[in-house]
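The values are calculated or read from the model by the stated rules, or taken from the named source; none is laboratory data. What you are looking at is a predicted structure, and each value in this text was computed from that prediction instead of being measured. Ideal geometry is used to build each Cβ from the backbone, glycine not excepted, and the neighbour counts take in all protein chains shown.
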Amino acid sequence: MKTLSALTSIMVISTLATTVDSAQAISSDGALATQSSSVYGPEGTDYGPQSPRNIDQLYGSNKRVFSAAPNRTSMNLCNIHFHASAEHQGGEFTTPAGDRWQDGFGYSGSLTDSQLKPFTQNVCPVSGKSLKPGDTIELHYVYSTANVDPGATLSSCLSDNVANPQLRVEAQVLVLVNDNKAADFKTLTEVRQINGYDQAVNIPTNTGKPVEYLGSTTGPSYNEQSSPVKVSWSVRPEVIYTDIATVGQWCQDNPFQEKGAHGVRKLVTKPEYLSAAN
């Protein structure tokens, strides 16, 4: 007979695996969805506060509370992945993604013709769609309190020895440009051990004060239901221009076995599905 802890761990692993499998495909048949303009909340407020949200709107009334995860310096970096268009809205990414991607938001600023010069190679193609200059992506650095190593999918954030680890996501929105002087994606995702913890050592510190809140895992598998997996979020409000060539290089070779962008979950807007942010 399995113990309660073992059963809890199995449930969480199954939930995270489902999240990753569903989120990886932007659109299996090439169809495009448009951003919902309604006040949206999935079914099930009892699961606790949800993500993503508008980081410019800090109000939330969900009554399910849990302790915030520790500072990332006391946790292990367990996974890095990114989503096609920003899952969160606010700051410098407020423009609905429109016809190119599924739900999500794009950079609200302007780019030069040089930055938007077409790139000749396919970059991180998923379901026949390749990234191109001008695209916005949201980069997620995922941390766990479990004693784990960086690896593929969010299942790498779990351990047999810790049934219900605390999770933290540090989020940074990037704008892809055709400019070899822009930020190097491989540098942004570099991982080293510091004081015994695996760390992403180049998380930006110059993109505004992060908005912090309690939420959940994301991805389109939770568009119609609430996610039961609790996450402490830090979302930076300003973007970084990133060399699209280096994103393509990373997709071809990275320790997380990431090949392309994940899909996005619809923006959660109903206050009863959101925590108070700061």
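Matching residues to (1) out of contact with any strand residue (DSSP E or B) (no Cβ under 9 Å at 6 or more places or on another chain); (2) at pLDDT below 95; (3) surrounded by fewer than 17 Cβ atoms within 10 Å (Cβ to Cβ):
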| site | (1), (2), (3) |
| --- | --- |
| S9 | no, yes, no |
| V12 | yes, yes, no |
| T18 | yes, yes, yes |
| A31 | yes, yes, yes |
| A86 | no, no, no |
| S108 | no, no, yes |
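State which residue pairs qualify: first residue in a loop (DSSP other than H, G, I, E, B) and inside segment 130-155, second residue aromatic (F, W, Y) in any location, beta carbons under 6 Å apart, and separation of 6 or more residues or different chains.
Pairs that qualify, where the first residue is in a loop (DSSP other than H, G, I, E, B) and the partner is aromatic (F, W, Y), are P133/F119; A152/F256.
Here is a list of conditions, (1) in contact with a Lys or Arg (Cβ under 9 Å, 6 or more places away or on another chain); (2) in a loop (DSSP other than H, G, I, E, B); (3) under 23 Å from P165 (Cα atoms), and L214 meets all of them except one; can you say which number that is?
(2)
Pull up segment 131-189, narrow it to residues that are of a type in the set (D, E) and under 22 Å from C78 (Cβ atoms), then point me to the one that is farthest from the chain's Cα centre (by Cα).
Looking at the filtered set, the residue picked out is D160.
How many residues, within segment 239-268, are under 18 Å from G106 (Cα atoms), surrounded by fewer than 22 Cβ atoms within 10 Å (Cβ to Cβ) and among the hydroxyl-bearing types (S, T, Y)?
Of the residues in that region, 1 qualify.
Has segment 106-113 got at least one residue that is in contact (Cβ under 8 Å) with a residue 12 or more places away in the chain and among the charged types (D, E, K, R)?
no
Just give me the residues in segment 239-259 being assigned to a loop (DSSP other than H, G, I, E, B) and in contact with a helix residue (DSSP H, G or I) (Cβ under 6 Å, 6 or more places away or on another chain), in sequence order.
Within segment 239-259, just K259 meets the criteria.
For segment 37-76, what are the residues that are surrounded by fewer than 17 Cβ atoms within 10 Å (Cβ to Cβ), modelled with pLDDT under 90 and in contact with a strand residue (DSSP E or B) (Cβ under 8 Å, 6 or more places away or on another chain)?
E43, G44, V65
If you scan segment 157-168, which residues turn out to be farther than 14 Å from A200 by Cβ and either at pLDDT 95 or above or in a loop (DSSP other than H, G, I, E, B) (or both)?
The answer is L158, D160, N161, A163, N164, P165, Q166, L167.
Pick from K181, K186: which is touching a Phe, Trp or Tyr at 6+ places or on another chain (Cβ under 6 Å), modelled with pLDDT of 95 or more and not in a strand (DSSP E or B)?
Answer to the check: K186.
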